[in-house]
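Visitor: Handing you a structure now.
The values are calculated or read from the model by the stated rules, or taken from the named source; none is laboratory data. Please read these numbers as outputs of a predicted model, since none were measured by experiment. No Cβ is skipped: glycine too gets one built from the backbone with ideal geometry, and neighbour counts run over all protein chains shown. Please note that ligands, DNA and RNA were not included when accessible areas were found on the heavy atoms of the full protein model with its side chains. Shrake-Rupley method; radii C 1.70, N 1.55, O 1.52, S 1.80 Å.
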Amino acid sequence: MSLKYYLIACLFAVKMCWSQNFMIQPKLKQDALQKVKVLQTDKTNDLNPVTVNADIVWSEDKSQLAIILKASINPGWHTYAFVPDTEPYVAAEAQFTVPNGYLKHDKVEASPSKPYENGVYIYEDQSYFIQYCKVEQPAKGVVSAGLYFQVCDARKCFPPVLLSKEIIIN
């Protein structure tokens, strides 16, 4: 095998280990969106304008799970969903880690954002992110769900920060 094909095969293998594209069970999607509605976060204020909480939802047959990350945003503040290269802000990025035996879907579902200005999109009030996972080999461990973001109001922006929660799988 030539070096070129060997490198392509290696890159493909690495990609397959990081994430996968699989069919998400429709009932799990419904249950995850329902969990978003009821999941509570701590209260926000002008010193802590964003709070997060996380939980997991299992499919009925335990072959898939959804990790839900919800953020509450203080009134008058916003985080960024999309920022063009021409703007100085930092877009929110959901970060999920799972134990061995769980494969993350290659796409994270995010709440709808609102157009702002200059091609920027923002989240106000609340945002959520859902990472679906396929259970290849059930295992105990820790799931981590974090949100890296910058938050701003009409007069100031805070530096980017990571807020995260851990969930124990028994």
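Visitor: Please specify each residue of segment 20-54 satisfying the condition of being hydrophobic (A, V, I, L, M, F, W, C) and either on the phi > 0 side of the Ramachandran plot or open to solvent by 100 Å² or more (accessible area, probe 1.4 Å) (or both).
Guide: Result: 23, 47.
Visitor: Identify the single condition in (1) open to solvent by 30 Å² or more (accessible area, probe 1.4 Å); (2) within 30 Å of residue 170 (Cα to Cα); (3) out of contact with any Cys (no Cβ under 7 Å at 6 or more places or on another chain) that residue 57 does not satisfy, given that it satisfies every other one.
Guide: Every condition holds for residue 57 apart from (1).
Visitor: Counting just the residues of segment 45-96 that are in contact with a helix residue (DSSP H, G or I) (Cβ under 7 Å, 6 or more places away or on another chain) and in a strand (DSSP E or B), which one comes out farthest from residue 113 (Cα to Cα)? Step through it out loud before you land on a result.
Guide: Filtering segment 45-96 down to residues in contact with a helix residue (DSSP H, G or I) (Cβ under 7 Å, 6 or more places away or on another chain) leaves 55, 57, 59-60, 64, 66, 68, 70.
Narrowing the set further to residues that are in a strand (DSSP E or B) leaves 55, 57, 64, 66, 68, 70.
Working: 55: 22, 57: 24, 64: 27, 66: 21, 68: 17, 70: 14 Å.
Only one residue fits best here, namely 64.
Visitor: Got a sec? Which of 2, 19 is modelled with pLDDT under 95 and closer than 15 Å to residue 129 by Cβ?
Guide: Going through 2, 19 in turn, the sole match is 19.
Visitor: State yes or no: is residue 126 surrounded by 12 or more Cβ atoms within 10 Å (Cβ to Cβ), in contact with a Ser or Thr (Cβ under 7 Å, 6 or more places away or on another chain), modelled with pLDDT of 95 or more and not small (Gly, Ala, Ser)?
Guide: yes
Visitor: Out of all the residues in segment 81-92, is one or more of a type in the set (Asp, Glu) and either within 30 Å of residue 141 (Cβ to Cβ) or crowded, with 19+ Cβ neighbours inside 10 Å (or both)?
Guide: Taking every residue of segment 81-92 in turn, none turns out to be of a type in the set (Asp, Glu) and either within 30 Å of residue 141 (Cβ to Cβ) or crowded, with 19+ Cβ neighbours inside 10 Å (or both).
Visitor: Can I ask one more? Just name the residue that is nearest to residue 79 (Cα to Cα) out of those in segment 103-123 that are open to solvent by 90 Å² or more (accessible area, probe 1.4 Å) and either polar (S, T, N, Q) or not in a strand (DSSP E or B) (or both).
Guide: The extreme case among them is 116.
Visitor: Can you tell me which condition residue 150 does not meet? The list is (1) polar (S, T, N, Q); (2) more than 30 Å from residue 23 (Cα to Cα); (3) loosely packed, with under 14 Cβ neighbours inside 10 Å, and all the others hold.
Guide: It fails just one condition, (3).
Visitor: Can you tell me which of (1) loosely packed, with under 12 Cβ neighbours inside 10 Å; (2) not in a strand (DSSP E or B) is the one residue 99 doesn't meet?
Guide: All conditions are met except number (1).
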